[in-house]
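Some notes on the structure that comes next.
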Amino acid sequence: MITADKKSQSLLPDSVDGLLDVAARGSARVALDERDTDWLKRHGKCLDNIRPGISTLPQAGRGAFAARCIPKGSIVSPAPLVPIIDATILDTSFEDADNSTNQLLLNYCFGHSKSSLLLCPTTSVTLINHNKEKSNTNYRWGSTSKNRKDAHINYLVEPIDSIRPDANNVSTFNSKLSFDFIATRDIQQGEEIFIDYGEEWEHAWNRHIEEWKIPENSDTYVPARTKNQNNSEILLSADPALVHHEYLCRLELFAREELVENLPEEDYRANPSIDPNYWNNDTRAMYGQNEHITWWPCDIVERDSENKLFRAVVYSKSSTADNGELPIIRKIKNLPASGIRFVDRSYHSDQHLSSAFRHFIPIPDSMFPLIWRNDYNSAEIIQLGTRDVGLDISNDDDQSKVLKARDDILQKAKCGVYVAPSNIANAGMGTYVAVTVPGKGFPLGSKVPVLPIADMQGDNWDAFNYVWNSHNFGAELEVGLGGSGSVLAINEGCMANFHPGLVNHENGPTQYDPVLDRRKDPGAGGFSDYVDYAFISQNRIDAGDEAFISYGEQW
């Protein structure tokens with residue numbers, strides 16, 4: 001007879017019924033508490049009251065709209081906050097570069113003119129625009145979840161360092177602070193949601209409008225998406241007229257990046273597996289939504305007289321040669337135009353414009369803790385308090401019908417998705433389904449923009465544990481050779497937890513869809529154009545079940 005230690009015994013069923021339960025539901029699920037919608041209503045906060053849409057405000061891009069009627073005094077959305085202790089880390093300026101001087105992320109974060117701290121929301125509240133006259137929502141500090149080990153700590157009276165994540169303690173990366181966005185009057189379904197950003201922000205925006213000029217070379221710029229839609233002429237990569245764009249070439253799924261000496265030239269027509277039209281149904285079902293993995297950086301080096309067939313060299317996506325350049329992994333001839341795609345050249349999309357608007361959303365003095373201000377004087381230096389408190393001005397065809405029917409059900413529901421204490425010990429909050437998901441292919445919440453972040457290297461910044469590799473969201477070309485791209489994927493991308501035995505959602509596709517014209521719109525580059533992202537259900541999920549996603553094998 002083998003006797004297990006106490007820890008091992010605690011993992012094993014203690015009865016035949018328990019063993020049968022494990023066989024039926026799996027050991028990972030058996031370890032969780034079963035939770036229903038009544039539990040979610042008592043312990044959670046609704047996460048899907050907001051739907052994205054084109055804002056009713058000029059120059060604002062996209063906005064937040066009520067997914068259902070929201071009564072006065074109720075929560076529009078919770079917003080757990082990712083702290084960035086030193087805002088200067090978002091400074092992207094460098095010598096002799098004509099680019100924006102701060103990360104786009106700055107526009108979505110809350111801060112204070114007298115503090116280096118930024119607090120960045122992780123939910124759809126990032127869509128809420130400023131309108132002082134039509135404001136129907138405000139925000140306040142949210143309560144700490146009672147299931148957390150640090151629930152007894154009031155971080156609003158603690159020094160900033162108390163909310164700084166500890167690289168040696170993964171539990172400290174759980175969000176310690178949150179806002180609750182509250183309806184200040186009844187908000188009707190479909191009505192745009194606004195808050196008042198305050199005089200400081202409004203002054204900065206008005207100054208931006210007054211000083212804005214059409215960016216240099218904008219008259220020659222056409223978005224890559226438009227060039228692809230219009231089947232624009234494919235120039236050679238060495239052509240000086242190709243100012244704003246570069247190319248991607250299509251290869252077969254899981255193309256190898258092996259470096260080979262004396263690389264032979266391949267005939268595109270000899271490898272039909274490259275063309276998705278030749279994929280079988282299983283391959284199309286599995287990889288149709290992840291087509292981006294078949295596109296690789298390339299140069300067009302030759303074209304025929306009719307501009308129909310091309311020669312190309314294809315580069316590695318990941319490795320670099322000793323000289324810092326991307327090594328060539330393929331040489332291809334007879335490449336059709338359908339196997340070539342325009343993309344914006346690195347640092348050429350709207351978010352990198354030097355004229356792009358940048359300003360955090362100011363937190364009112366009445367809310368912002370004195371102890372977090374740079375001009376706070378502690379008791380140790382005798383004078384307690386603050387100085388200068390004044391304002392500082394600085395592929396089922398019927399898929400759409402099914403999704404529409406589910407949308408109708410969600411709009412009639414009290415709430416479709418909740419954020420509430422996770423079933424996973426020490427994981428903080430989690431995301432829960434409140435209306436049963438009938439099967440595979442349904443978005444967990446509203447399709448929302450992701451927030452691209454350029455060149456924030458490795459784990460040396462505060463929000464590292466909340467961001468995703470930009471390759472997962474089609475934003476990898478926002479950074480140049482050797483650059484590091486990531487995105488903040490609001491809602492589920494920040495709030496849903498990972499458990500290898502319980503993953504029930506997968507990452508859906510993201511679209512790049514600019515809605516403003518840099519040649520005439522001062523708002524161009526002031527908001528994210530990577531939109532329509534959501535996590536997609538992998539199977540039926542009952543009301544009350546927690547949503548789990550995969551953070552990837554590397555994680």
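The values are calculated or read from the model by the stated rules, or taken from the named source; none is laboratory data. Being a predicted model, the structure only gives us computed values, none of them experimental. When we count neighbours, we look across all protein chains shown, and the Cβ atoms used for this are built from the backbone with ideal geometry, even at glycine. These area figures cover heavy atoms from the full protein model, side chains too; ligands, DNA and RNA do not enter into them. Shrake-Rupley method; radii C 1.70, N 1.55, O 1.52, S 1.80 Å.
Brief remarks on what is shown
- Hz values of 3J(HN,Hα) by residue in the stretch 349-364 - Karplus curve (6.51, -1.76, 1.60), Gly and Pro given as x: 6, 4, 5, 9, 4, 5, 8, 5, 5, 9, 6, 5, 8, x, 7, x
- Candidate values (1) 0.99; (2) 1.03; (3) 1.01, label of the one derived for Rg/Rh (Cα atoms, Kirkwood Rh): (1)
- In this Cβ point-charge picture (+1 for Lys and Arg, -1 for Asp and Glu), the chain has a dipole of about 1660 debye about its Cα centre.
- Electrostatic tally near SER486: other residues with Cβ closer than 10 Å to its Cβ, Lys and Arg +1, Asp and Glu -1, net -3.
- Per residue accessible area of the chain, 1.4 Å probe, in Å²: 51 Å²
- Reachable lysines, given that their alpha-carbon falls under 19 Å from the alpha-carbon of LYS114 and they are not under 8 places away in the same chain: none
- Residues whose amide H comes within less than 5 Å of that of ASP462, counting only those at least five positions distant or on another chain, are ILE85 (H built at 1.01 Å from N in the peptide plane).
- Around HIS245: net Lys/Arg minus Asp/Glu count, Cβ-Cβ under 9 Å: 0
- For PHE535, the residues whose modelled amide H falls within less than 5 Å of its own, excluding neighbours fewer than 5 places apart on the same chain, are LEU444, GLY445, GLY508.
- Remark: accessible surface ordering of LYS412, LYS134, LYS176, LYS331 (largest first) is LYS412, LYS134, LYS331, LYS176, probe radius 1.4 Å.
- Low-density loop positions, GluC sites (Glu not before Pro), the stretch 200-248 - DSSP coil, at most 14 other Cβ in 10 Å: GLU216, GLU233
- Of all accessible heavy-atom area on the stretch 30-145, the percent that carbon and sulfur account for (1.4 Å): 49 percent
- Partners of LYS440 within straight-line reach, counting lysines whose Cα lies under 21 Å from its Cα and excluding those fewer than 8 residues away in the same chain: LYS401, LYS404.
- Neighbourhood charge, 13 Å Cβ-Cβ cut-off, centred on ARG29 and excluding it, Lys, Arg +1 and Asp, Glu -1: -4
- Cα centroid separation - the stretch 63-137 against the stretch 205-260, whole Å: 28 Å
- Unpartnered cysteines - no second Cys beta carbon under 4.7 Å - across the chain: CYS69, CYS494
- Of all lysines in the structure, the ones whose alpha carbon falls short of 26 Å from that of LYS333, not counting any fewer than 8 places away in one chain, are LYS227, LYS308, LYS317.
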